[in-house]
1. Which residues, taken from the range 163-203, are buried (at least 16 other Cβ atoms within 10 Å of the Cβ) and of a type in the set (A, V, I, L, M)?
2. Within the range 170-203, count every residue that is outside any strand (DSSP E or B) and under 17 Å from residue 87 (Cβ atoms).
3. Among the residues of the range 95-113, write down those that are surrounded by fewer than 18 Cβ atoms within 10 Å (Cβ to Cβ) and within 26 Å of residue 48 (Cα to Cα).
4. Quick check on the range 33-62: of everything there that is part of a strand (DSSP E or B), within 22 Å of residue 186 (Cα to Cα) and hydrophobic (A, V, I, L, M, F, W, C), which residue is modelled with the lowest pLDDT?
5. Take the range 146-169 and flag every residue that is assigned to a loop (DSSP other than H, G, I, E, B) and farther than 30 Å from residue 113 by Cα.
6. Please go through the range 51-69 and pick out each residue that is buried (at least 17 other Cβ atoms within 10 Å of the Cβ) and either in contact with a helix residue (DSSP H, G or I) (Cβ under 7 Å, 6 or more places away or on another chain) or not aliphatic (A, V, I, L, M) (or both).
7. I'd like the residue in the range 74-94 that is within 30 Å of residue 199 (Cβ to Cβ) and of a type in the set (Ser, Thr, Tyr) and, out of all such residues, is surrounded by the most Cβ atoms within 10 Å (Cβ to Cβ).
Amino acid sequence: MRQTRPPEVSLTAEVPVYGAGRYALILPLPSEIGAALSAQMDGVPGATVPPLGYHVTVLGPFIFRTDPQAGLSLLRRTLLTTTPFAVRLQRLGYFRRQGENVLFLHVDGGAELLRLHNRLLAELGDLIVDRHPRGEDWDLRQYTPHVSLGLHIPDATLDAALRQLGNLRLDYTLEVRELWLLRETSEMPVAWVLAESYHLAEA
């Protein structure tokens with residue numbers, strides 16, 4: 001299935017590729033799955049399409065401690081020697097945080113994704129500093145691969161969404177063949193731009 005860049009991701013020459021901003025490694029969902037999710041979630045209280053489009057965060061957000069070239073080299077080498085694998089998206093879930101709840105779709109059977117996440121953490125080591133909004137321990141101990149369906153949801157709105165969704169069943173399977181490295185710009189308004197893309201190695 002074809003993957004499309006969300007409108008917010010820009011490749012304009014005016015934006016420097018590397019800098020001191022945060023980075024995030026993501027799996028962008030194919031446009032077909034994104035369109036299906038958008039249709040399924042239409043009218044659900046608190047549901048929104050994320051600014052970067054529907055995606056799974058593989059690592060980050062993080063920053064490089066020093067010049068990013070050493071870390072980027074390790075990242076490229078690791079990803080370009082990783083073979084494609086499948087993930088399944090199903091089961092609604094949520095993160096409860098007063099006034100800042102998140103509605104999401106679980107990534108099930110993601111053993112390969114979890115191994116890749118842990119491998120990247122080990123390879124990059126002290127070259128990066130975690131900057132996850134839920135705290136530095138998130139990537140190390142609480143990584144939960146998921147697709148966000150709504151962010152910053154008030155408590156009552158989340159409860160209304162869960163009642164409306166009821167027993168809705170969402171189930172998608174996709175082959176992971178490409179990952180994107182995004183970088184946060186320092187210009188205002190802040191945006192995320194595509195720094196690099198990685199096509200996983202064929203077995």
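1. 165, 170, 174, 176, 179, 181, 182, 191, 193, 194, 195, 200
2. So the answer is 4.
3. Selection gives 95, 96, 97, 98, 99, 100, 106, 108, 109.
4. In this case the residue turns out to be 62.
5. 154
6. 53, 54, 55, 57, 58, 59, 60, 61, 62, 64, 68
7. Ranking the candidates gives 82 first.
The values are calculated or read from the model by the stated rules, or taken from the named source; none is laboratory data. These figures come from a predicted structure and were not determined experimentally. Cβ sites come from the backbone with ideal geometry, for glycine too, and all protein chains shown count toward neighbours.
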